[in-house]
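Everything on this sheet refers to the single structure shown next.
Read-outs throughout are calculated quantities, based only on the coordinates presented, and are distinct from any laboratory measurement. The structure presented is a predicted model; accordingly, all values stated were derived computationally and were not measured. All Cβ positions, even for glycine, are placed from backbone atoms using ideal geometry, and neighbour counts span all protein chains on display.
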Amino acid sequence: MSENKENSVCSAQDVTQMLKRIAFEIADRNSASEKLVLIGVLTRGVSLARRLQKIISTASGRELPLGILDITLYRDDLSIATHHPVVRKTEIPFSLDGVTVILIDDVLYTGRTVRAAMDSLIDFGRPQSIQLAVLVDRGCHELPIAADFVGVRVPASPQDRVMVRVAESDGFDKVTVMPRNSIPQDSTSGEE
């Protein structure tokens with residue numbers, strides 16, 4: 001990939017279609033589950049979770065409870081971070097005991113965010129199961145974690161960064177890949 005070159009992977013229309021497919025896959029796989037909840041990982045995972053909740057509700061008439069999860073204090077790099085982490089509010093207004101949790105994030109990269117999210121969820125209760133839905137699986141996993149529902153697989157090298165932008169926080173939907181060294185350090189779009 002050439003330096004400072006942004007390679008568009010998915011358009012807004014692609015993102016919409018991927019979310020519809022993921023929503024139907026979630027509904028189909030969990031049709032017999034009476035206790036199904038969606039939990040979005042802050043920040044972009046929450047936007048995606050809200051969209052999935054709306055699609056599932058419209059298609060099936062089933063209104064799924066939605067929670068918001070901040071994993072900041074569960075990150076394994078918290079002690080070596082050079083910046084001051086911002087802790088936001090986790091909002092899970094329902095019991096996790098015995099439910100099937102659909103954990104939703106924008107990008108699956110190393111697996112460390114998902115591991116932190118699962119650790120956090122266990123502090124809230126004992127789910128029957130946790131399934132993972134991501135918009136993008138970019139490979140390069142460092143932990144043995146795999147997504148159950150994937151919008152798109154984007155093979156990218158560790159020198160690349162997969163950027164997910166969503167309308168709710170960025171003004172538009174788009175997935176791009178660009179060299180990691182061409183992105184400003186304060187950028188908050190996409191993978192972690």
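Quick look at the numbers
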item	result
Principal axis box of the chain, alpha-carbon based, largest edge first, Å	49, 39, 30
Test item: Cα-centred dipole of the chain, Lys/Arg +1 and Asp/Glu -1 on Cβ, debye	320
Beta bridge orientation in the stretch 107-190: antiparallel %, DSSP, nearest 5	50
Mean Cβ neighbour count within 10 Å, used as a protection proxy, ranking 132-138, 9-15 highest first	132-138, 9-15
Rule-of-thumb Rg ratio for the stretch 92-192 [Cα; 2.2 N^0.38 Å; N residues]	1.16
